[in-house]
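Here the structure comes first, spelled out in C-alpha cells, and everything after it is commentary.
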Amino acid sequence: MCTALVAAITLLANPADVQPLLERIAGRATVHRDLLYRFACTERIDLLFQPKDGGPPTLSRSLRDGIVVERTAEGAPREARTALAKDGTVPLDAKGEPVPATLPDGFDPIRSAFPHALAASFDRASQANLTFRRVEDGEPGYVLACPAAGEVRLEFLDAQTPRRRASYGADARCRARASGQMCVEPATGEIHKLIFYTVVPEAFACTWDREHPFSVVQQDVIEPGSGVRFPSSIVTRGRWKKEAAVFRQTFDDCKFFDVRTEVELKATSAP
C-alpha cells in the first residue's frame, strides 16, 4: 500500500479534535530532527526488585556514571557512558580520553537506553503508521499522569494489529510499532512524558498490555535555545536473571555544547 494512501487512511482514523495537535507534534519533530547537539549528564541507575505480592519495589543496587549524547551532521545519534570519580570529575586515560564505563551483567534491558529526545520519532511519516486518540481520566487500564496542568494526554497505537513474529505456545513472540501514551504541551506540540506498552501473545493472536507499561519516560531536561525536551528519567521494567526488576535511570547536571541546526551548518559551509 503506498505511503499517501496509508496516510489518508490514518488521517480518517484519527478524531478531528486531535488533528491540530498532531500538526504541532509533527512541527516539533522537524525541529528535533534539524537539531545537532552534544551534551553531558550524570546518570544514576537504580536497580529495584519487584515483590511477587505486587508491593512497592525495593532498592538493591545503584550505579553512577557520566553520559555523553550527541547528534552530528552525519545524522546518526551517538552516545557513551564514562566513568566518574568520587568528586564528580571524569577521569582520563593516558591519551587524554574519558575512561569508558561498562554496565555490569544483568543490565541488558537498559544497555541502549540513552536520553535522546523522543519527539523526533513522531514526524508526519511516522504518524501515518499510527492512530491517535485522547485518553480521559477514569478510563480502564493505565492512565498516564501528566506533569503539568493543561497538557493533553494522547494514546498512540500501531495502525496495524500486533503480529506474530515467531512460533506459538511458550516460545510465541509478537511484534508491532512502538505504542503507548504521551503528554503533550498543546501550545507547542512538545512531548513532556511518555509510556510504552508491551505487546504480548494471547491465544493465537497478539495484543497490547495496557495495564502495565514496560517503560515510562519523563522529559524535563530542556535545551535553552530551542526549548527541545530531553529525558530526565527513564523507568524500565525487565528481568534480573529470573527476578522481576525495575531499572530507574535519572539524568542530572546536564550541560549542552555546540548546539546548532542543520540549516545553520549548511549556511556556515556554503561558499
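Quick notes
- Answer residue from the range 26-74, given it is of a type in the set (Val, Ile, Thr) and either over 30 Å from residue 128 (Cα atoms) or not in a helix (DSSP H, G or I) (or both) and is modelled with the highest pLDDT among those: 45
- Restricting attention to the range 211-234 and to residues that are farther than 22 Å from residue 188 by Cβ and surrounded by fewer than 20 Cβ atoms within 10 Å (Cβ to Cβ), the residue that is nearest to the chain's Cα centre (by Cα) turns out to be 214.
- If you filter the range 199-209 down to residues that are surrounded by 18 or more Cβ atoms within 10 Å (Cβ to Cβ) and either polar (S, T, N, Q) or over 19 Å from residue 245 (Cα atoms) (or both), you find that the one that is modelled with the lowest pLDDT is 201.
- Enumeration of residues in the range 99-113 that are small (Gly, Ala, Ser), touching a residue at least 12 places away in the same chain (Cβ under 8 Å) and either assigned to a helix (DSSP H, G or I) or farther than 13 Å from residue 43 by Cβ (or both): 106
- Within the range 175-210, being of a type in the set (Gly, Ala, Ser), within 17 Å of the chain's Cα centre (by Cα) and within 28 Å of residue 54 (Cα to Cα) holds for 176, 178, 179, 180.
- Annotation: residue 131 fulfils all but one of (1) closer than 22 Å to residue 200 by Cα; (2) in a loop (DSSP other than H, G, I, E, B); (3) out of contact with any Pro (no Cβ under 7 Å at 6 or more places or on another chain); the unmet one is (2).
- For the range 5-25, filtering for residues that are surrounded by fewer than 16 Cβ atoms within 10 Å (Cβ to Cβ), modelled with pLDDT of 50 or more and under 13 Å from residue 130 (Cβ atoms) leaves 1.
- Yes/no for residue 162 being under 23 Å from residue 54 (Cβ atoms), out of contact with any helix residue (DSSP H, G or I) (no Cβ under 7 Å at 6 or more places or on another chain) and not basic (Lys, Arg): no
The values are calculated or read from the model by the stated rules, or taken from the named source; none is laboratory data. The structure presented is a predicted model; accordingly, all values stated were derived computationally and were not measured. When we count neighbours, we look across all protein chains shown, and the Cβ atoms used for this are built from the backbone with ideal geometry, even at glycine.
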